[in-house]
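Remarks on the structure that follows.
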Amino acid sequence: MRLGMMIDYSGGFEEAVEELTDYEEAGLDLIAIPEAYSFDAVSQLGYIAARTRTMELASAILQLYTRTPSLTAMTAAGLDHVSGGRFTLGLGASGPQVIEGFHGIKYDAPLGRTREVIEICRKVWQREPVIHEGKHYQIPLPADQGTGLGKPLKIINHPLRPRIPISVAAIGPKNVELVAEVAEAWQPLFFHPGKKDLVWGESLEAGLAKRDPQLGELDIMLSINFAFGDPEPLHLQRVRDQLALYIGGMGARGKNFYNSLATRYGYEAEAKEIQDLYLAGKKAEAAAAVPDDLLHAVALLGDEDHLRARVAEFKAAGVTTFLLTPLGETPERRLADVAKLAEIVKG
């Protein structure tokens, strides 16, 4: 089981990078950079690649719609090159509020686009001339849609690896089925280990039945809030606030993937109440409405005995990588917490 950590896009990037050597010594295996509508993840990953030697790197996530498939492949090959083969390409669809609201690009067909982007990336990395006649992407561009001068090209450089691992963020049933079929790794959010089979069992089974054996075992890379020790009110509140934001406000009514996930977990009435309160501007009340058992199920909070039991629970549910968001208030506390968790996970 690997331990990874997310570097938040809200600030403190330089300070976090300065601490990476200490985290590596403490047992951290991987660092992941998210990309919402803040600074891009690629420039930061390149910087980290130059400052580290063995730590694995991942995007968490690059959005499908914001780069052409070929540029996504080029970017991944470039990051894999400068890191010496340490990069995992994390992909995801994001949502219409970001894609249409910030990028001005139509949010459509996330499933079909995910499959085609992955197919095109792998063609690029294998240095095949890129010819793709898909429903959503046509490469080269057909003559009646452009100048007619496009021709099949292959990437000039030789990628360090012809198969860069791909991790896809997904929580919907059909999305998860697709990930289990075509990707090396799955990156869920708010993963409830006790509800995995109920919510995703059929999807995973269907996808794995079509999976190419060359992909190997599905790596479940779980983004999760974490703090060692008796849960502190501040830590609990941070998790509550995040759940309220995602369940209540991350998407319009009827188009909120996380609200749907909470409903599938069995919290239908609570999910509706959280969304009603959040969209009415009552964010504190929405956070207070988050069920305690849901909060504790999707986070790693507790003393050593409790965390040993939780780690075993996540392992039994198939989780192979934790992407931690340490909640400690100081750098020293966060580092110490990660070191203690590493002893549990790897001891």
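The values are calculated or read from the model by the stated rules, or taken from the named source; none is laboratory data. Predicted model, so just to flag it, every value in this text is computed and none were measured. Heads up, the Cβs are rebuilt from the backbone with ideal geometry, glycines too, and the neighbour counts pull from every protein chain shown. With ligands, DNA and RNA removed, areas are computed over all heavy atoms of the protein, side chains included. Shrake-Rupley method; radii C 1.70, N 1.55, O 1.52, S 1.80 Å.
The table below lists the values:
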| read-out | value |
| --- | --- |
| Output for the range 287-306, where each listed residue is buried (at least 22 other Cβ atoms within 10 Å of the Cβ) and either in contact with a Cys (Cβ under 9 Å, 6 or more places away or on another chain) or in a helix (DSSP H, G or I) (or both) | A287, L294 |
| Among (1) of a type in the set (F, W, Y); (2) surrounded by 14 or more Cβ atoms within 10 Å (Cβ to Cβ); (3) part of a loop (DSSP other than H, G, I, E, B); (4) out of contact with any strand residue (DSSP E or B) (no Cβ under 8 Å at 6 or more places or on another chain) - the single one F102 does not satisfy | (2) |
| The range 22-34, subset outside any loop (DSSP other than H, G, I, E, B) and either in contact with a Lys or Arg (Cβ under 8 Å, 6 or more places away or on another chain) or exposed (fewer than 14 other Cβ atoms within 10 Å of the Cβ) (or both), residue modelled with the lowest pLDDT | E25 |
| The lone exception for A185 - which of (1) surrounded by 22 or more Cβ atoms within 10 Å (Cβ to Cβ); (2) farther than 30 Å from A317 by Cα; (3) of a type outside the set (S, T, N, Q) it fails | (2) |
| Matching residues, the range 251-276, being more than 17 Å from D293 (Cβ to Cβ) and either among the β-branched types (V, I, T) or surrounded by fewer than 20 Cβ atoms within 10 Å (Cβ to Cβ) (or both) | G251, A252, R253, G254, K255, F257, S260, K272, D276 |
| Pairs where the first residue, in the range 16-43, is in contact (Cβ under 8 Å) with a residue 60 or more places away in the chain and closer than 17 Å to G92 by Cα and the second is hydroxyl-bearing (S, T, Y) and in a loop (DSSP other than H, G, I, E, B), C-beta under 7 Å, 6+ apart | A36/Y9 |
| Test set (1) of a type in the set (A, V, I, L, M); (2) assigned to a loop (DSSP other than H, G, I, E, B); (3) open to solvent by less than 30 Å² (accessible area, probe 1.4 Å) - L89 fails condition number | (2) |
| Scan of the range 48-64 for residues that are within 20 Å of the chain's Cα centre (by Cα) and open to solvent by 20 Å² or more (accessible area, probe 1.4 Å), ordered by number | E56, I61 |
| Candidate set from the range 105-117 (those that are of a type in the set (K, R) and touching a Pro at 6+ places or on another chain (Cβ under 9 Å)); member that is surrounded by the most Cβ atoms within 10 Å (Cβ to Cβ) | R113 |
| Among (1) among the charged types (D, E, K, R); (2) over 30 Å from V319 (Cα atoms); (3) in contact (Cβ under 8 Å) with a residue 12 or more places away in the chain, the one test that E100 misses | (3) |
| Qualifying residue in the range 124-139 (condition: over 30 Å from E56 (Cβ atoms), of a type in the set (S, T, Y) and surrounded by 14 or more Cβ atoms within 10 Å (Cβ to Cβ)) | no |
| Residue check for D8: in a helix (DSSP H, G or I), of a type outside the set (K, R) and in contact (Cβ under 8 Å) with a residue 12 or more places away in the chain | no |
| Residue within the range 278-286 that is among the aromatic types (F, W, Y), farther than 25 Å from I7 by Cβ, in a loop (DSSP other than H, G, I, E, B) and out of contact with any strand residue (DSSP E or B) (no Cβ under 6 Å at 6 or more places or on another chain) present | no |
| Within the range 307-329, considering residues that are assigned to a helix (DSSP H, G or I) and in contact (Cβ under 8 Å) with a residue 12 or more places away in the chain, the one most open to solvent (accessible area, probe 1.4 Å) | R308 |
| Criterion (more than 13 Å from S223 (Cβ to Cβ) and in contact (Cβ under 8 Å) with a residue 60 or more places away in the chain) met by exactly one of E304, E332 | E304 |
| Scan of the range 36-77 for residues that are of a type in the set (K, R), modelled with pLDDT under 95 and in a loop (DSSP other than H, G, I, E, B), ordered by number | R53 |
